[in-house]
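The values are calculated or read from the model by the stated rules, or taken from the named source; none is laboratory data. Source: prediction; values computed, not measured. Glycine also receives a Cβ, built like all others from the backbone with ideal geometry; neighbour counts cover every protein chain displayed. We work out accessible area using only protein heavy atoms, side chains counted, and drop any ligands, DNA or RNA first. Shrake-Rupley method; radii C 1.70, N 1.55, O 1.52, S 1.80 Å.
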Amino acid sequence: MSTISLKNQRVVIIGGSSGIGLATAKQAVAQGAAVIIAGRSQDKLAKAQQFLGLESTETHSLDNQNEEELKSFFEKIGNFDHLFTPGASYVRGPITSSLEIAHSCFNAKFWPQYNAVKYAIPYINPKGSIVLMSGAFGQRPLADGASYAACNGAIESLGKALAVELAPIRVNVISPGTIHTNFNWVGAEQETRDKSYDEYTNMNILGRVGHADEAAHTTIYLMTNNYTTGSTLFPDGGYILR
Ligand SMILES: NC(=O)c1ccc[n+]([C@@H]2O[C@H](COP(=O)([O-])OP(=O)(O)OC[C@H]3O[C@@H](n4cnc5c(N)ncnc54)[C@H](OP(=O)(O)O)[C@@H]3O)[C@@H](O)[C@H]2O)c1
């Protein structure tokens, strides 16, 4: 059987303390993996560890925008099998936005993933894999996020380039549509949140917002299918086709 199981594999998830990263950690643990999750908040990491199980979960506090922290994170954790890098926090805005907003997607989502791969290479099993996080907005932009769309496009190209450069390590990209998570919603009114999700519901073919475990399932597929590399998959309910 050429599909691999994650049993006894070490899976590193930067941004594994909530949302899609946490859901992926849960599915990896269910397959028998040990997970190493990283994020900025110790509190979120501790809650995630309780949720995933103490024996199968290692936690590390890390700000992935800090290159030195990334470098010493990989030195500390040592050899492992799979890397997933969804950790990001940014805002998007139209082309007339401030420089700070315009740069925030590349600073928070592109460079941290690029640098994570750079410092992870000495420690990744050659039979292992890397899954980068993009977003379907890159393929079907709306009118308020030029740099965010460009950032996702750049991540999808980065995935292809790294698949060529790092083979036999497999490198793939997940590019979800709108998924129920707390991303950019902390402190927001439920009504505002519901209204926004309603708008996205009408923008895809399946007529609903996705769930974190559906995006996680895509990531687990990319980690475990031995013949998939350089691909971008879209768990988006058909968003890019509407
Ligand atoms: N949800 C969606 O609809 C959707 C759609 C398309 C793409 N995505 C992409 O999916 C990724 C994650 O989204 P999510 O929805 O799962 O969000 P989430 O629930 O907010 O999870 C984000 C995770 O990343 C960590 N993180 C944030 N900033 C970090 C930093 N500077 N250094 C290290 N870790 C950091 C967070 O922990 P701390 O806050 O403690 O650091 C948390 O564990 C983002 O890249 C987003 O663009 C999401």
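A few notes on this one:
- Set 134, 129: member being near the ligand (Cβ under 10 Å from one of its atoms), small (Gly, Ala, Ser) and crowded, with 24+ Cβ neighbours inside 10 Å: 134
- Pairs with Cβ under 6 Å, 6+ apart, first in segment 177-204 and under 18 Å from residue 18 (Cβ atoms), second hydrophobic (A, V, I, L, M, F, W, C) and near the ligand (Cβ under 7 Å from one of its atoms): 179/212; 181/212
- Residue within segment 126-137 that is part of a loop (DSSP other than H, G, I, E, B), touching a residue at least 24 places away in the same chain (Cβ under 8 Å) and either of a type in the set (Asp, Glu) or over 19 Å from residue 36 (Cβ atoms) (or both) present: yes
- Pick from segment 82-120, criterion closer than 22 Å to residue 68 by Cα and among the aliphatic types (A, V, I, L, M), ranking: most open to solvent (accessible area, probe 1.4 Å): 88
- Residue list for segment 140-171, filter: open to solvent by less than 20 Å² (accessible area, probe 1.4 Å) and charged (D, E, K, R): 156, 170
- Residue within segment 197-211 that is under 16 Å from the mean Cα position of the chain (by Cα) and either of a type in the set (Gly, Ala, Ser) or modelled with pLDDT of 95 or more (or both) present: yes
- Taken together, the residues in segment 63-113 that are over 17 Å from the mean Cα position of the chain (by Cα), within 15 Å of the ligand (Cβ to nearest atom), assigned to a loop (DSSP other than H, G, I, E, B) and in contact (Cβ under 8 Å) with a residue 12 or more places away in the chain amount to 2.
- When residue 236 is tested against the conditions (1) away from the ligand (no atom under 11 Å from the Cβ); (2) under 21 Å from the mean Cα position of the chain (by Cα); (3) open to solvent by less than 80 Å² (accessible area, probe 1.4 Å); (4) charged (D, E, K, R), the lone failure is (1).
- Annotation: of all residues in segment 24-51 being closer than 16 Å to residue 82 by Cβ and open to solvent by less than 20 Å² (accessible area, probe 1.4 Å), the one that is farthest from the ligand (Cβ to nearest atom) is 33.
- Taking first residues from segment 145-160 that are charged (D, E, K, R) and partners that are open to solvent by 20 Å² or more (accessible area, probe 1.4 Å), the Cβ contacts under 6 Å between residues at least 6 apart in sequence or on separate chains come to 156/232; 160/230.
- Every condition in (1) of a type outside the set (D, E, K, R); (2) modelled with pLDDT of 95 or more; (3) away from the ligand (no atom under 16 Å from the Cβ) holds for residue 5 except the one numbered (2).
- Long-range neighbours under 7 Å by Cβ, at least six apart or interchain, first residue over 13 Å from residue 131 (Cβ atoms) within segment 1-30, second of a type in the set (Phe, Trp, Tyr): 2/227; 10/80; 19/183
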